[in-house]
């Protein structure tokens with residue numbers, strides 16, 4: 001029994017959002033896109049964590065639904081959205097298994113990603129472990145630079 005299935009079994013009498021989160025984990029686990037499911041559950045939990053009192057106060061002040069979304073929901077989701085964007089960007093840099101299973105980097109090198117190139121340099125034909133390690137360090141620096149840029153861009157929004 002998987003973790004998600006046991007979570008569903010223990011939450012049958014619990015609240016609906018917890019049961020929906022467990023079902024989301026199970027679907028993501030079975031479909032092979034676990035990252036997308038986990039990030040979706042994180043965003044769903046962040047939306048459920050917004051204080052309903054904020055919406056009530058905005059409604060009393062005369063805010064319509066669009067203004068409530070723009071001025072209450074989005075600012076409350078900003079930290080979670082930042083984390084999700086960072087994690088998806090990093091996982092985008094690490095794409096390997098799809099290229100290996102579907103096209104092996106072809107036709108030619110049209111679909112070769114940096115991680116798949118590191119694999120080819122390190123383990124295919126004549127292994128060059130030092131060169132592959134240097135490319136891996138370049139990948140680390142690229143991910144670090146993109147993360148720093150995203151972090152600095154999000155600081156201005158607070």
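The values are calculated or read from the model by the stated rules, or taken from the named source; none is laboratory data. Bear in mind the structure is a predicted one, so any value in this text is a computation, not a measurement. For neighbour counting, all protein chains shown are included, and Cβ atoms are generated from backbone atoms with ideal geometry for every residue, glycine included.
Here is a yes/no grid of residues against (1) under 26 Å from residue 153 (Cα atoms); (2) surrounded by 12 or more Cβ atoms within 10 Å (Cβ to Cβ):
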| site | (1), (2) |
| --- | --- |
| 59 | no, yes |
| 66 | yes, no |
| 71 | yes, yes |
| 120 | no, yes |
| 130 | no, no |
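Output the qualifying pairs, or none if there are none: Cβ atoms under 6 angstrom, residues six or more apart or on different chains, first residue in segment 110-122 and closer than 17 Å to residue 89 by Cα, second residue part of a helix (DSSP H, G or I) and at pLDDT 85 or above.
These pairs meet every condition: 114/139.
When segment 91-107 is examined, which residues are found to be exposed (fewer than 14 other Cβ atoms within 10 Å of the Cβ) and at positive phi?
Passing the criteria: only 104.
So is residue 84 touching a helix residue (DSSP H, G or I) at 6+ places or on another chain (Cβ under 9 Å) and assigned to a helix (DSSP H, G or I) or not?
Against the criterion (touching a helix residue (DSSP H, G or I) at 6+ places or on another chain (Cβ under 9 Å) and assigned to a helix (DSSP H, G or I)), residue 84 qualifies.
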